[in-house]
1. Could you compute how fast the stretch 103-143 diffuses translationally, taking Rh as the Kirkwood radius over C-alpha pairs and applying Stokes-Einstein at 10 °C with viscosity 1.306 mPa s? Give it in µm² per second.
2. Take the alpha-carbon centre of the stretch 95-138, take the same for the stretch 170-193, and report the distance between them in whole Å.
3. Distance from the Cα centre of the stretch 300-323 to that of the stretch 280-296, in angstrom?
4. With charges set only on the Cβ (+1 for Lys and Arg, -1 for Asp and Glu), what does the dipole of the stretch 128-200 come to about its Cα centre, in debye to the nearest 20?
5. Stretched out fully, how many nm does the piece from residue 185 to residue 297 gain, at 0.36 nm a residue minus the Cα gap?
6. Share of the chain's accessible area from carbon and sulfur, percent, 1.4 Å?
7. How would you order 160-167, 147-154 from highest to lowest mean count of nearby Cβ atoms within 10 Å?
8. Kirkwood-based Rg over Rh for the stretch 195-323 (C-alpha set), two decimals?
Amino acid sequence: MKKYLILLAAVTMLLASCSGKKEISKPEEESREEVKPKWTLGMSQCNLGEPWRVQMNQDIRNAAKNHPEIKVIFKDAQNDSLTQRSQIEEFINADVDLLIVSPKEAAPMTPPISAAYDKGIPVIILDRRILGEKYTCFIGADNKMIGKAAGQWVVEKLGGKGKIIELKGLMTSTPGQDRHSGFREGIKGSDIDIIFEADMKWLEPEARKEMESALARFDKIDLVYAHNDPGAHGAYLAAEAAGREKDIVFIGIDALPHEGQIYVKQGILAASFEYPTGGKEAIETALAILQGRPAKKEITLSSRIFTTENIDSGGEFIERFSK
Ligand code: FRU
């Protein structure tokens, strides 16, 4: 009898422990389900060669980390349009829930982005545009307005006349085109003479090379307008190597706190125009789209100018130039 009772107790304990396991495993599964992302986002970055693009990815990461319901997969096209095109196609084939793209060039990136959009994948485009309207939302600052403000600032700075160099960003990308046409508008009617212009493709080494040619050709250069800060810095390094950096004013665009703003503080650049990455806004918009809330088709970010005079007080919004 005693043996029987011991056996019964053992069986009861075993059963209890089995059923106990079941009870524990249920909430575990539920809590795992809670943190499991509901949506996968594909982020196609055209390159990570410049600090500005590293910052864009970081801004996206920072904004996304507060939202366990989304997971972002990053791909870097290493500044090659064909690579970016196939990476976008990979995202489409993987059936991502939403696509964020910062395209290298407008024309080659239009077909794959349009294909994603036609398939019903929402697409957020950052900073550089594509051709046409087949996207869900575009986020970026107004490059034409930035270019125009730069032109007006140059007219003010040089007292209406001077010999300048324009180092352009990739002219098959829309910020390059807009920063160029806006600038021309800004200097219209003045005696500013553009004595040399070249496409440095957004790249510091290219800008340095182009500036070396300009320095070899022209004895008098008053100012260099570069479409981004790496370009302005490359031009400065060329002038410094020629011992002429003190005779020339350098201005650029991006004004990252750890890049352009530092150059302004160091006196390398006289001015830098802020170009926000839009990373945070991309995540906010992605969540709105995925949750079925209304989202605007165009989100225009504002820009500040940082100069030697205003950098310590946080710069100044460029809207004053449009008055
Ligand atoms: C980085 C960059 C920035 C510039 C932007 C324009 O690749 O060249 O410096 O502001 O792209 O699209």
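The values are calculated or read from the model by the stated rules, or taken from the named source; none is laboratory data. The structure displayed is predicted, hence computed values, not measured ones. Counting neighbours? That spans all protein chains shown, and the Cβs are built from the backbone with ideal geometry, glycine included. Quick note on the areas: whole protein, heavy atoms, side chains included, nothing else; ligands and nucleic acids left out. Shrake-Rupley method; radii C 1.70, N 1.55, O 1.52, S 1.80 Å.
1. Details: Rh = 10.3 Å.
Stokes-Einstein gives a translational diffusion coefficient of 155 µm²/s.
2. A separation of 26 Å, based on Cα centres.
3. The stretch 300-323 and the stretch 280-296 have Cα centres separated by 28 Å.
4. Numbers: 12 positive and 10 negative charges, 23 e Å.
The calculation lands at about 120 debye.
5. Values: separation 112, 0.36 × 112 = 40.32 nm, distance 2.68 nm.
Here the answer is 37.6 nm.
6. On the way: 8450 of 15810 Å².
Reported share for carbon and sulfur atoms: 53 percent.
7. On the way: 160-167: 19.8, 147-154: 24.0.
Ranked from most to least packed, the peptides come out as 147-154, 160-167.
8. 1.09
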